[in-house]
Amino acid sequence: IIHYYDLYGKRIMYQPKAGAKMRPLWRVRWQNPDAHPLKDGSIGKYKSPYGSGSHLFIPNEIRKRFKNGAHINTLFIDEGEKKAVKSCKHGQMSVGIMGIHNFVQGNKLPYEIEQIMQRCTVRNIVFRVDADAFDLSNNLKYGSHVNNRPWTFYSAVEKFKAYVST
């Protein structure tokens, strides 16, 4: 179970339904994804509460640096929480996103990225996608485009580039 915290160490909360009580955000990374198929029969590696939205995962090392205003030369945005934690452990300061299209919230970058960039005087920002970016789909159908998956990753990188350049 992956728990989400903001830049100040407070749990990120979400509201499951209108009028319902706020709940802390969590995400599960299944150890055995095959045992947890999605409604359409595909395999889901992760599960988030319905209606919880998309949030930035901020490892503890980033929170420490943000609190102290420590300089971060290069900030990495990694696809996945575990990769972000592992990157930080090896000196590559990183935040995690829930998926390649989940770094934009309300047509702009998450405000936490902007706060980190300003307070930690970030000089470079790098968007890293998974190694499977160029893999073809396992369930290609007649008439579908073979390059659909690589094209999806490419469009996410282009979108990221456009948002960061502003």
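Annotations for the structure displayed:
- Solvent-accessible heavy-atom area per residue, rounded to whole Å², over the chain at 1.4 Å: 65 Å²
- Comparing ALA18, ALA84, ALA156 in a Gaussian network model of the chain where C-alpha atoms under 10 Å apart are linked, the largest mean-square fluctuation is found at ALA18.
- When only Cα pairs below 8 angstrom with a gap of at least 6 residues are kept, the range 20-160 shows a relative contact order of 20 percent.
- By the rule of a C-alpha distance below 19 Å, with chain neighbours fewer than 8 residues away ignored, the aspartates and glutamates paired with LYS108 are ASP6, ASP78, GLU79, GLU158.
- Entries of LYS64/LYS161; LYS83/LYS141; LYS17/LYS64; LYS89/LYS159; LYS21/LYS86 with Cα pairs more than 30 Å apart: LYS83/LYS141; LYS17/LYS64; LYS21/LYS86
- Solvent-free Debye scattering, log10 I(q)/I(0), computed from the Cα coordinates of the range 17-101 at q = 0.14 Å⁻¹: -0.62
- Added length on full extension, which subtracts the Cα-Cα distance from 0.36 nm per residue, SER42 to HIS145: 35.2 nm
- Carbon plus sulfur fraction of accessible area for the chain, probe 1.4 Å, in percent: 52 percent
- Size descriptor, Kirkwood hydrodynamic radius, that averages inverse alpha-carbon separations across the chain, Å: 17.3 Å
- Calculated [222 nm] ellipticity per residue, helices only, for the chain: -8500 deg cm²/dmol; basis is -39500 (n - 2.57) per DSSP H run with n ≥ 4, divided by all residues, nearest 500.
- The modelled label-to-label distance between LYS64 and THR152, using points 7 Å beyond Cα along the C-beta direction, is 3.6 nm.
- Selection among MET13, LEU75, VAL85 by position relative to the dipole of the chain gives MET13 as farthest towards the positive end (Cβ unit charges, Cα centre).
- Within the chain, the longest run free of trypsin sites (Lys or Arg not before Pro) that sit in a DSSP loop with at most 15 other Cβ atoms within 10 Å is 46-107.
- The chain: most fluctuating residue of ASN148, ASN102, ASN60 per GNM, C-alpha cutoff 10 Å: ASN148
The values are calculated or read from the model by the stated rules, or taken from the named source; none is laboratory data. Given the structure is predicted, the values throughout are model-derived calculations rather than measurements. Cβ sites come from the backbone with ideal geometry, for glycine too, and all protein chains shown count toward neighbours. These accessible areas exclude ligands, DNA and RNA; they are computed on the full protein's heavy atoms, side chains included. Shrake-Rupley method; radii C 1.70, N 1.55, O 1.52, S 1.80 Å.
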